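First the structure, in the form of C-alpha cells, and then the observations on it.
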Amino acid sequence: MRIAHPETEQDSPWYRESAPSADLSPWVSHFRVIRGGAPAGIRLLADGCTGVVIDCAAAVLPSPPVFVGVMRTASVVTFDGSREVIGVRFKPGGALPFVAPSLDELTGRRVPLPLLWGHLAQQMGNAVRTAAPEERIAALEVYLRGRMHQQQSAESRRQAIMVREAALVSRAVTHLGRDSGARVRDVAAALGIDARRLERIFNRTVGVPPKVFHRMRRCCEAARLIRHTCGEQANKAAERPLGRCNWSAIGAAAGYADQAHFIREFRALTGVTPATYAAEHHPVGFMQYDRSRPS
C-alpha cells in the first residue's frame, strides 16, 4: 500500500500538482495528475473536500468525468500503471458554483458528471483526453469557467449567496485549523452567527456538518504528524523505529483528548490504526495532505 504526499512526491514521475489560474483559485485548491508508474494500491483519506476525476486512458467508449462527493471514510483504490488520471480538488465549499444540488446530496457518492452538467461534462472529458499532456489542465480550466458562467447566467441571485457562504466557510475552516480543540459553537460565535446556521451552511456548501469536517481535518493532521515523525525522519536517517513512535504526543498535538480517543477516531476514519498507517507509509504517502497544517 502506498500513500503519496505532495511535499516529496509533487514532482515525482507519477504524481504532479498544479495550482489553478487566479480566477479559479477561490474555488479550486489544485489540480493533480497521476500517470503510469503509480503504485497499484493507494489509500485516500477523507478530508472534507470534493473533486472531479477524468480518466484519460484511450478507450473505445471512454468513461465520463466523475464528481466525487465528500468521502465519509478513507477508501483504498487500485491504479492501473498504464493510465493517466487528472483530478480537480475543490476547496471546502468550492464545488458549489459547479454543481446544482446542495453538496450534502452528493456526500459519499461518485456521480457521473453528465448527470450534473449535461452534455458539457462529456465535452470536457473529450477535450481533456485529446489535448496534449502539457495542455490538459488548461483545457480543463476552460470548461470549469464555462460551467461557472453557465451557473451564473442561470442563477445570479444564488451565485451571490454562494459567494458569501463560501467566504464564511473559508473563515470557519481557518478558525478550526488554528485550534484543533475548537468547538463549533465558538467558531460560529466568532463569525457572528449561531451554530445551527453554520451547520446548515456547511451541509449545503461542503457536504458534511462542521463537527464532522473538523474530525476529518484532525485525522488528516494526525496523518501529517505520523508521516513527519514516524515516516520521513525515520526513513531518512533511521532515527526512530516505528515501534518507538510517541503516539500519545502525536494524538495530543493533533487535538485528541487522549491516546484511546486518537486510535479510535483514526481507525474509524482511515480503516487502519496509526501504527498500521505508519507502516503503510514507507516510502511514500497520498494526496490530501497540505504542505502545512490543514486549513
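Only the coordinates and a few stated rules stand behind these numbers; no lab work does. These figures come from a predicted structure and were not determined experimentally. Reconstructed Cβ throughout: ideal geometry from the backbone, glycine too, with neighbour counts over all protein chains shown.
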Whole-Hz Karplus ³J(HN,Hα) for segment 209-224, in order, using 6.51 cos²θ - 1.76 cosθ + 1.60 and θ = phi - 60°, x for Gly and Pro? x, x, 5, 5, 4, 4, 4, 4, 5, 5, 5, 5, 5, 4, 4, 4
Using the Karplus equation 6.51 cos²θ - 1.76 cosθ + 1.60 (θ = phi - 60°), what ³J(HN,Hα) coupling, rounded to whole Hz, does each residue of segment 63-78 give in order, writing x for Gly and Pro? 6, x, x, 10, 8, 10, x, 4, 7, 7, 9, 5, 9, 10, 10, 9
Taking the reciprocal of mean 1/r across every pair of different Cα atoms in segment 156-208, the Kirkwood radius in Å is 11.3
Taking amide H positions as placed in the peptide plane 1.01 Å from N, state which residues far from residue 71 in sequence (5 or more) or on other chains have amide H under 5 Å from it. 47, 48, 49, 108
Given backbone amide H placed at 1.01 Å from N, residues whose amide H is under 5 Å from that of residue 28, ignoring those fewer than 5 places away on the same chain, are 91
Net dipole in debye of segment 51-122 [+1 Lys, Arg Cβ; -1 Asp, Glu Cβ; about Cα centre; nearest 20]: 160
Fewest Cβ neighbours within 10 Å first, please rank 56, 219 accordingly. 56, 219
